[in-house]
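Notes for the one structure printed next.
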Amino acid sequence: MGKKRNRLQVIYDILNVIREKSGRIKPTHILYKSNLSYQMMEDYLDELKLKQFIVEQKTKTGKTYIITDKGIKYIQEYSTINNFMDAFGLG
Amino acid sequence: METIYVMPNWFFGADIILELLFAILTLAIALYAFKIYRLSDQRELKFFGISFSFFSLSYLFWAANNLFLLSVLGNESRELSLKDIGFYNHIGIYLYLGALILGVVTLFYTTLKTESKRIYLLLVILTATTFLFSLNKATSLYTVLAIFFLFIFAHYFRECRKTTNKLTRRNTLAMGLLFLGSIAFIYAPSYYVNYVIVHLLHGIAYALLISSLINVINKHGQKKK
């Protein structure tokens, strides 16, 4: 089993899953790909919506999550964010 | 005892330059923390940035106090004391100590990883009370701040043991030096050599912190190329 993921890594993984699916994904796919419990995934998605990394869209077939520009920027700058937080004991 | 600290005459001038330099370095760390906060929305980064902004402000007020409010004690030393200056000049000292308290408490609060604003408020009020109602104001306050720095150092030490990152080790050492500096400051109202030691320890600590920051920025630059 690999090293326990920190919050930053989990956020990165969720956003990356959405981006790899052309920026739009259903929650069941996130659950499958992100390796989280349902409750934890819901908590993370609420946080990501609040921070405007993703937006939720309700369709006839259920909910869809779309990554925003801010979410894409997070993925691009993830290593810098992680380096800074790790170095300064904030991770 | 209303003496905040005593310092040797020969160090006057050099200390002000160092304090201004520390103000710039801490501001640089704060600004970069805010930049990373804008990208990630992680609240720890916001509080870390706020804490270093307060440190920067406290160094600015410290330098201003040294420039305008010191009393000469014979040929050897000068002191910053509440008793020798007018009431309005007390404001300068309160601003310096207020910013220092907020900086240390905010940094400690960041390491707690709690979202309770009441805990933050309680810590600020308790620390400020120590200064306002103590007969031996400076020593009491510096002792409380040293205890905060001990807990901050302990946090960094734990983080350091969890990772192999060299920068975390470097910053843990920096926090250790800031802790030692806060111990030295406890005796700064009585021994002027401690005032010099504090500046020396802070100088090494900020050199370590800023070298870590430069390392992070360089890695960021290399990634962009």
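Pairing residues of the range B:154-165 that are free of Cβ contacts under 8 Å to residues at least 60 places away in the same chain with residues that are among the basic types (Lys, Arg), at Cβ distances under 9 Å and at least 6 apart in sequence or on separate chains, gives B:Cys160/B:Arg169; B:Thr163/B:Arg169.
If you filter the range A:41-91 down to residues that are in a strand (DSSP E or B) and polar (S, T, N, Q), you find that the one that is nearest to A:Arg19 (Cα to Cα) is A:Thr64.
With the requirement that a residue be free of Cβ contacts under 8 Å to residues at least 60 places away in the same chain and in contact with a strand residue (DSSP E or B) (Cβ under 7 Å, 6 or more places away or on another chain), what does the range B:67-106 give you? Scanning the range B:67-106 gives B:Leu69, B:Ser71, B:Asp84. Residues in the range B:171-185 that are touching a residue at least 40 places away in the same chain (Cβ under 8 Å) and either more than 12 Å from the chain's Cα centre (by Cα) or surrounded by fewer than 22 Cβ atoms within 10 Å (Cβ to Cβ) (or both): B:Asn171 only. Examine the range B:161-170 for a residue that is more than 14 Å from chain A (Cβ to nearest Cβ) and surrounded by fewer than 21 Cβ atoms within 10 Å (Cβ to Cβ), and state whether such a residue exists. No; the residues of the range B:161-170 include none that is more than 14 Å from chain A (Cβ to nearest Cβ) and surrounded by fewer than 21 Cβ atoms within 10 Å (Cβ to Cβ).
State which residue is nearest to the other protein chains (Cβ to nearest Cβ) when the search covers only the range B:1-56 and only residues that are over 27 Å from B:Thr139 (Cα atoms) and outside any helix (DSSP H, G or I). The extreme case among them is B:Asp41. All conditions in (1) in a helix (DSSP H, G or I); (2) without any contact (Cβ under 8 Å) to a residue 40 or more places away in the chain; (3) over 17 Å from B:Ile101 (Cα atoms) hold for B:Phe131, with the sole exception of (3). The selection criterion, being within 14 Å of chain A (Cβ to nearest Cβ), modelled with pLDDT of 95 or more and over 30 Å from B:Leu82 (Cβ atoms), holds for B:Leu173.
Taking first residues from the range B:47-60 that are farther than 17 Å from B:Tyr120 by Cβ and partners that are buried (at least 21 other Cβ atoms within 10 Å of the Cβ), the Cβ contacts under 6 Å between residues at least 6 apart in sequence or on separate chains come to B:Ser56/B:Thr26; B:Ser58/B:Tyr96; B:Ser58/B:Leu100; B:Ser58/B:Gly103; B:Tyr59/B:Glu19; B:Tyr59/B:Phe22. For the range B:187-201, the condition holds for no residue, the condition being that it is closer than 21 Å to B:Ala63 by Cα, within 13 Å of another protein chain (Cβ to nearest Cβ) and either modelled with pLDDT under 90 or surrounded by fewer than 21 Cβ atoms within 10 Å (Cβ to Cβ) (or both). The single condition from (1) within 15 Å of A:Tyr65 (Cβ to Cβ); (2) crowded, with 16+ Cβ neighbours inside 10 Å that A:Leu8 fails is (1). Check the range B:118-136 and report whether any residue there is surrounded by 21 or more Cβ atoms within 10 Å (Cβ to Cβ) and closer than 23 Å to B:Glu44 by Cβ. Yes; the residues of the range B:118-136 include at least one that is surrounded by 21 or more Cβ atoms within 10 Å (Cβ to Cβ) and closer than 23 Å to B:Glu44 by Cβ. Evaluating B:Glu44 against the criteria (1) touching a residue at least 40 places away in the same chain (Cβ under 8 Å); (2) of a type outside the set (S, T, N, Q); (3) surrounded by fewer than 18 Cβ atoms within 10 Å (Cβ to Cβ); (4) under 19 Å from B:Phe108 (Cα atoms) leaves one unmet condition, (3). Pairs linking a residue in the range A:74-91 that is at the interface with chain B (Cβ under 7 Å from one of its Cβ atoms) and under 12 Å from B:Leu45 (Cα atoms) to a residue that is part of a helix (DSSP H, G or I) and acidic (Asp, Glu), with Cβ atoms under 6 Å and 6 or more positions apart or on different chains, are A:Gly89/B:Glu159; A:Leu90/B:Glu44.
The values are calculated or read from the model by the stated rules, or taken from the named source; none is laboratory data. Since the structure is predicted, the reported quantities are computational estimates derived from the model, not experimental observations. FYI the Cβ positions are ideal-geometry reconstructions off the backbone, even for glycines, and counts take in every protein chain you see.
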